[in-house]
Amino acid sequence: MGKEQVLENTLGVYLQLLKEFWYTHSFLSYQWWAMILVTIIPWFIWWKFADKKRLIEIFSFGLLIMFISVFFAPIKQNFNLWQFIHRVHWSLSTPLFPYDITILPVTYMFIYQFSKNWTSYVIGTLLLSCFMAFILMPIFIKLDLILFISYRSHFIALTVLIIIALFSRWFIYSHLSRKAL
């Protein structure tokens, strides 16, 4: 049996176990329902308070946050910084889907929308990132949604959140000027 066949068989076993775990331990659990609600409700709140005059600009910012977060989530997991216990669906490559596609973009869009300059944006980003890394992540741990492998995981999460938020604002301001929008 060749290396490719061994890898294919191992991947098949892994996916089967993942699917079985999802059906028996995640699907319709309180964690699953929480993830469904957290994926939907913040978007309604955002829509109610979003500045409709700057909607394309703010939503573009949120999409960039979402894209970066979804892109890096499996990488952080593969480096074994943390593991995700429950998923919205077993087949999603980004297990903590609600966090990556809702919590991060929606909360940072509010910071972006209400910050009038770089100073207020940086302060808001630092406060929100600390909240996410040191308050929200421990709540996710208590809810059995995430398992931090390393004691450094909170600080890594904090650093990554700050970098994503600062890069995203810089990118939107430098590539999508308000005149172009």
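The values are calculated or read from the model by the stated rules, or taken from the named source; none is laboratory data. Because the structure is predicted, anything quoted here is derived from the model rather than measured. Neighbour counts run over all protein chains shown; Cβ positions are idealised from the backbone, glycine included.
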Are there any pairs, at least 6 apart or on different chains, whose C-beta atoms fall under 7 Å, with the first in the stretch 9-34 and closer than 22 Å to residue 143 by Cβ and the second surrounded by 11 or more Cβ atoms within 10 Å (Cβ to Cβ) and polar (S, T, N, Q), and if so, which?
32/26
Can you work out which of the residues in the stretch 60-75 that are in contact (Cβ under 8 Å) with a residue 40 or more places away in the chain and buried (at least 20 other Cβ atoms within 10 Å of the Cβ) is nearest to the chain's Cα centre (by Cα)?
69
Please tell me if residue 152 is at pLDDT 90 or above and not hydrophobic (A, V, I, L, M, F, W, C).
no
With the requirement that a residue be under 25 Å from residue 107 (Cβ atoms) and either among the aromatic types (Phe, Trp, Tyr) or in contact with a Phe, Trp or Tyr (Cβ under 8 Å, 6 or more places away or on another chain) (or both), what does the stretch 1-37 give you?
26, 30, 32, 33, 35
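Would you say residue 112 is within 21 Å of residue 72 (Cβ to Cβ), out of contact with any strand residue (DSSP E or B) (no Cβ under 9 Å at 6 or more places or on another chain) and modelled with pLDDT of 95 or more?
Values: within 21 Å of residue 72 (Cβ to Cβ): yes; out of contact with any strand residue (DSSP E or B) (no Cβ under 9 Å at 6 or more places or on another chain): yes; modelled with pLDDT of 95 or more: yes.
Yes, satisfied.
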Residue pairs, Cβ under 8 Å, 6 or more apart or interchain, first in the stretch 146-164 and basic (Lys, Arg), second modelled with pLDDT under 85 and not in a helix (DSSP H, G or I). List them.
152/81
Of the listed residues (107, 119), the one being within 17 Å of the chain's Cα centre (by Cα) and either of a type in the set (Ser, Thr, Tyr) or at pLDDT 90 or above (or both) is 107
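Here is a yes/no grid of residues against (1) part of a loop (DSSP other than H, G, I, E, B); (2) at pLDDT 85 or above; (3) in contact with a helix residue (DSSP H, G or I) (Cβ under 8 Å, 6 or more places away or on another chain); (4) small (Gly, Ala, Ser):
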position: 4; (1), (2), (3), (4): no, no, no, no
position: 16; (1), (2), (3), (4): no, yes, no, no
position: 20; (1), (2), (3), (4): no, yes, no, no
position: 23; (1), (2), (3), (4): no, no, no, no
position: 54; (1), (2), (3), (4): no, yes, yes, no
position: 60; (1), (2), (3), (4): no, yes, yes, yes
position: 67; (1), (2), (3), (4): no, yes, no, no
position: 72; (1), (2), (3), (4): no, no, yes, no
position: 94; (1), (2), (3), (4): yes, no, yes, no
Any idea which of (1) touching a helix residue (DSSP H, G or I) at 6+ places or on another chain (Cβ under 6 Å); (2) of a type in the set (Val, Ile, Thr); (3) surrounded by fewer than 13 Cβ atoms within 10 Å (Cβ to Cβ) is the one residue 146 doesn't satisfy?
(3)
The conditions are (1) surrounded by 15 or more Cβ atoms within 10 Å (Cβ to Cβ); (2) within 18 Å of residue 114 (Cβ to Cβ), and residue 39 fails exactly one of them. Which is it?
(2)
Among the residues of the stretch 149-167, are any surrounded by fewer than 19 Cβ atoms within 10 Å (Cβ to Cβ), touching a strand residue (DSSP E or B) at 6+ places or on another chain (Cβ under 7 Å) and of a type in the set (A, V, I, L, M, F, W, C)?
yes
